[in-house]
Every structure is written in C-alpha cells, then in structure tokens.
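*Asks:* Here it is, the structure in full.
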Amino acid sequence: MTTINTQRNLVPQDYADRIVDPCAWAEPESMYEVFTWLRANQPLGKVEHEDFNPFWLATKFDDISEISRQNDKFNSAENSSVLTRKIVDQQIRHITAGSPHLSRNLVNMDPPEHLKYRSITQNWFMPKKVRELEARVKEIASSFADTMIANAPECDFVSDIALRYPLHVVMDILGVPEKDEPLMLKLTQELFGARDPDLARDSEKMADPAAAAEVIKKVLADFASYFNGIAEDRRATPRDDVATVVANALVDGEPIKPYELANYYTVLATAGHDTTSASTAGAIWALCQFPEQFEKVKKDPSLIPGLVDETFRWITPVKHFMRTANEDYQIRGQTIKAGDWVMLSYQSANFDEEKFSNPFEFRIDRQPNKHLAFGHGPHVCIGQHLAKLELRVLLEALLPRIKSLKFNGEVKFTKANFISGPKVLPIRFEIE
Ligand code: HEM
C-alpha cells in the first residue's frame, strides 16, 4: 500500500518517480491510478526527486484554475515553464547566461510583456477569424479522409492522418510551403519527444544532460533560421496570413527583434501541431475504446462537437505547465512559498471526480464539459478555436464514410510527460 509522509507532505516516492519519468506516461492507465490517488489523498503535495528541483504538484481542477488565473501571483518566466531535469536546467542557464529558457516566447513571458506579445496574434485566433478558415481546413480534411478511405480497410491512423493533417493545417496558416512540412515535423518531434529514443535527434546524446541541452539548442536554432527566412519574405511581400502579422508587428513602437520573432513562429508551429496530432489520434483511440459512442455519433452527427470536447478532456495532450510563486500563497490549507515551483496537472484536473461525473467514462454528450485541456487564465491556449475547428471538420469528413472501427494491433503512446498521445494506432475499418 502507498504510504504518505504527512509531516513533509511528500508525494509518495513511487508516484513521484512515475510523474517525472517520461516512459511512465506511455501507459495512461498507470498515470490515471497515480492521479486518482493523489486527488483523493494528497491534492497538493510536494514532489522530491534527486534529478529535479522540488516542486508542488496541483492535481485538483479548482486549484489549477485558481493558480492559472493569477499571473500576477504565479509567474511563468522565473523557472522553466515545463518540467526540466535539474542538470538540464543548470546547463540551459549556463548556455543562456542565466535564463531558464532556451527560447523566449508567449508561454514563458510575464506581464506586462506577455500581453503585448499575445495581442499581436490574439485577433487572428479568435472565433470570427478562425471561422473564415473553415472552408480551407475542410478542403485539407477531405483530402486526408479520401486518402484514408482509399487505403481501407487498415491503417496506422497516427502516421497516415494524425501526424500529417494538423501539421498541414497549421503550416498552411503560417504560410510554410508544403515541401518544408517534413522538416517542421522532424524539428517538432525532436523538441517535444526529446526523451523518446524513437523521436530524439541524437538519442545517445540525450542521456547526457549537457549534450542534451546543446542538441535542443541546435533544434531551436534550426527553427529560427528557417523562420527568419519566412519573416523576410513577408516583410517584402505581405499576405493575409499570420506569418505576415508577426513579421510586421510592433512592440512598444519597435519591430520585434529577430530572436523573439523566430521564437514567436516556433511556438505557433510547435504548439499548433504536436498537440492537435495527439487529439486527432485521441478521438479515434477513444472511439475504438468505446464502440457504443461510435454508434451514437454515427446515428447523430450533431454530436460531433461534443465528441471533440470530450476528446480534448480524454486525451489531454498537454499534460502540464509549471508556474513559480511570486509571493507566499495559501491554498488548500498549505503555503506555497515565494519562489516555489508548481506543476499544474491538466491531466489530473480533467478527471477530477468533483467536476466530472464518472470521469473515466468517455461520453460524447457530457454536459457540462468545461475541461482544462487548453489551460485557463491569461495564458489560456491562443489556438484553442483552431484546434476545435480542425478536429470537428476532420471528424465530419471522416465519420459518415466509416461503417465500423476497431483496434488492429498494439497502441503505443509517446514517452513524454509534457505533450503525449498515441504514437502508433493500428486500426481496421469498414467503409460505407
Ligand atoms: C498555450 C494546450 C493547440 C498555440 C496553451 C496552453 C495549453 C495549450 C494547456 C496553456 C499554457 C499555460 O497556461 O502556460 C493546447 C492543446 C491544443 C493546442 C491541448 C490542441 C489540442 C494549439 C494551436 C495553437 C496553439 C493549434 C496555434 C496554432 C498556443 C500558444 C500558447 C498556447 C501560442 C501560449 C499562449 C500564452 O502563453 O499566452 N496551449 N494547445 N495551441 N497554445 Fe495551445
């Protein structure tokens, strides 16, 4: 049985080990068990592990919302905004002369700078503008649906559709030519799957923290050199795309500096497709797990938007973000001290029994379904409306053409504790 040291309020060691271990996240059931126990017994505990600086782990929906809402009290800049090994953190600070971030972008900016940078593209990602993209996204979705139907009755849904469709959409919107998409896919996987040997740039080097930080720095430099070319092009010949908006933006009356500019593109490119790949695959994974929900949406396609929302909750592609307390803060009967590092577990929040009835049931008609897959507060996902549109449009193109759907082999998940979803999803399907 798991024991808890109430005096120091430590998360039990076997659970702490799993939370920090990317491999453990490739087994979703194992993580469900960890978080169910923590929500019931230790909703806000401290994780201590020799490879990491200690951090608080928030697992309850309400606590995560409360912390996320207040970026005056919890900052994103002082420490890494994602869980990072101590030695990698030291190495990054060495490379950057003190900053915990290899890249400076919206995710790790604080007020007032954060809002200035966010405002540049905020309107572009609002529902009104995103609706204008629907016709183009539909075209892309239906060409992927055609490919899948042409390859019936089997496919690996991840490599055939889930990796490629969202990439194509976000690159189209960013104005990256199709021929460069494989490069973007490779760089994103090298960034987010850095500890998964199947995805890392140089998996042998990733075991050595100093070498790992250098490898990631090179991946980011490759992104930067690519996007600086795009920016130059959009300054010379502006178009109606988000790349043009960023290239020509002013902050405090000045053009954005090349480093911040490249990082702006990089965060949109990366945040915009690994996450949506995970949710695209997540929808099919869930429908194979719950065939009665597949039957239900087949009978009533007006349930597709509900299926989309429930998919984001079910798969929760972004597992966490980190914050650092600006001041001592009382929450759930405890004091988070100024300077303490806090993990916001969206994965746990989205299965919080106090917010979701029978959270381990996948229900496409779940109402209400106010999940935290996109975060909350000033840093809430800027691309959430695009992500919803993208998945809805694909499912609308695909589901009417499929009569049955089932697993056709072992499903594998990405070994990552930041962004993770199905990595291999063999399915068998009949067409209408
Ligand atoms: C922020 C999740 C798709 C761009 C976030 C955050 C989450 C998230 C949880 C909050 C970060 C925080 O609180 O620190 C997701 C999920 C997606 C998705 C689950 C898809 C299923 C997208 C897309 C784009 C995008 C399609 C853009 C094309 C961003 C950006 C931020 C962000 C730029 C930073 C916003 C800020 O810090 O102000 N996302 N995202 N995301 N997301 Fe997404």
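*Asks:* Return yes or no: is Ala262 under 21 Å from the mean Cα position of the chain (by Cα), within 10 Å of the ligand (Cβ to nearest atom) and assigned to a helix (DSSP H, G or I)?
*Replies:* It is false that Ala262 is under 21 Å from the mean Cα position of the chain (by Cα), within 10 Å of the ligand (Cβ to nearest atom) and assigned to a helix (DSSP H, G or I).
*Asks:* While we're on this one: Among the numbered criteria (1) more than 26 Å from Leu394 (Cβ to Cβ); (2) modelled with pLDDT of 95 or more, which one does Ile140 miss?
*Replies:* (1)
*Asks:* Then there's this: Quick one: how many residues across segment 23-38 are more than 14 Å from Met343 (Cβ to Cβ) and assigned to a helix (DSSP H, G or I)?
*Replies:* Number of matching residues: 10.
*Asks:* Tell me yes or no: at least one residue of segment 75-92 is farther than 18 Å from Ala325 by Cβ, within 16 Å of the ligand (Cβ to nearest atom) and crowded, with 18+ Cβ neighbours inside 10 Å.
*Replies:* The answer is no, given that none of the residues of segment 75-92 is farther than 18 Å from Ala325 by Cβ, within 16 Å of the ligand (Cβ to nearest atom) and crowded, with 18+ Cβ neighbours inside 10 Å.
*Asks:* Could you list all residues from segment 376-391 that are surrounded by fewer than 19 Cβ atoms within 10 Å (Cβ to Cβ) and touching a helix residue (DSSP H, G or I) at 6+ places or on another chain (Cβ under 6 Å)?
*Replies:* Gly377, His385
*Asks:* Okay, next question. For Phe55, indicate whether it is in a helix (DSSP H, G or I), away from the ligand (no atom under 14 Å from the Cβ), surrounded by 18 or more Cβ atoms within 10 Å (Cβ to Cβ) and not aliphatic (A, V, I, L, M).
*Replies:* no
*Asks:* Please go through (1) aromatic (Phe, Trp, Tyr); (2) surrounded by fewer than 22 Cβ atoms within 10 Å (Cβ to Cβ); (3) within 16 Å of the ligand (Cβ to nearest atom) for Phe351 and return the number of the only condition it doesn't satisfy.
*Replies:* Checking Phe351 against (1) aromatic (Phe, Trp, Tyr); (2) surrounded by fewer than 22 Cβ atoms within 10 Å (Cβ to Cβ); (3) within 16 Å of the ligand (Cβ to nearest atom), the one that fails is (2).
*Asks:* Considering each of Phe294, Phe312 in turn, give the residue that is under 23 Å from Arg428 (Cβ atoms), part of a helix (DSSP H, G or I) and either free of Cβ contacts under 8 Å to residues at least 12 places away in the same chain or out of contact with any Asp or Glu (no Cβ under 9 Å at 6 or more places or on another chain) (or both).
*Replies:* Testing whether each residue is under 23 Å from Arg428 (Cβ atoms), part of a helix (DSSP H, G or I) and either free of Cβ contacts under 8 Å to residues at least 12 places away in the same chain or out of contact with any Asp or Glu (no Cβ under 9 Å at 6 or more places or on another chain) (or both) leaves just Phe294.
*Asks:* How many of the residues making up segment 118-155 are under 16 Å from Leu405 (Cα atoms) and either loosely packed, with under 15 Cβ neighbours inside 10 Å or touching a Leu at 6+ places or on another chain (Cβ under 6 Å) (or both)?
*Replies:* 6
Okay, residues lined up against (1) in contact with a Gly (Cβ under 8 Å, 6 or more places away or on another chain); (2) within 27 Å of Phe413 (Cα to Cα); (3) small (Gly, Ala, Ser); (4) modelled with pLDDT under 95:
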position: Met1; (1), (2), (3), (4): no, no, no, yes
position: Asn5; (1), (2), (3), (4): no, no, no, yes
position: Leu38; (1), (2), (3), (4): yes, yes, no, no
position: Leu83; (1), (2), (3), (4): no, yes, no, no
position: Ile87; (1), (2), (3), (4): no, yes, no, yes
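*Asks:* Next question, about the same structure. Could you tell me which residue of segment 209-235 is farthest from Val176 (Cα to Cα), considering only residues that are of a type in the set (A, V, I, L, M, F, W, C) and without any contact (Cβ under 8 Å) to a residue 40 or more places away in the chain?
*Replies:* Filtering first and then ranking leaves Ala211.
*Asks:* Further question on the same structure: Kindly establish whether Glu232 is in a helix (DSSP H, G or I), modelled with pLDDT of 95 or more and charged (D, E, K, R).
*Replies:* No: the conditions fail for Glu232.
*Asks:* List every residue pair whose Cβ atoms lie under 7 Å apart, where the two residues are 6 or more positions apart in sequence or sit on different chains, the first residue falls within segment 99-115 and is more than 10 Å from Ser80 (Cβ to Cβ) and within 11 Å of the ligand (Cβ to nearest atom), and the second residue, located anywhere, is outside any helix (DSSP H, G or I) and aliphatic (A, V, I, L, M).
*Replies:* From segment 99-115, the pairs are Met109/Ala77; Asp110/Ala77.
*Asks:* Separate question: Among the residues of segment 417-426, which ones are touching a Phe, Trp or Tyr at 6+ places or on another chain (Cβ under 8 Å) and either surrounded by fewer than 24 Cβ atoms within 10 Å (Cβ to Cβ) or not aliphatic (A, V, I, L, M) (or both)?
*Replies:* Of everything in segment 417-426, those that are touching a Phe, Trp or Tyr at 6+ places or on another chain (Cβ under 8 Å) and either surrounded by fewer than 24 Cβ atoms within 10 Å (Cβ to Cβ) or not aliphatic (A, V, I, L, M) (or both) turn out to be Asn417, Phe418, Ile419, Ser420, Gly421, Pro422, Lys423, Pro426.
*Asks:* Checking the condition near the ligand (Cβ under 8 Å from one of its atoms), in contact with a Gly (Cβ under 9 Å, 6 or more places away or on another chain) and within 23 Å of Met343 (Cα to Cα), which residue from Thr276, Thr311, Thr324 passes?
*Replies:* Being near the ligand (Cβ under 8 Å from one of its atoms), in contact with a Gly (Cβ under 9 Å, 6 or more places away or on another chain) and within 23 Å of Met343 (Cα to Cα) holds for just one of Thr276, Thr311, Thr324, which is Thr276.
The values are calculated or read from the model by the stated rules, or taken from the named source; none is laboratory data. Small disclaimer: the values here were computed from a predicted structure and weren't measured. Note that each Cβ is placed from the backbone with ideal geometry, even for glycine, and that neighbours are counted across all protein chains shown.
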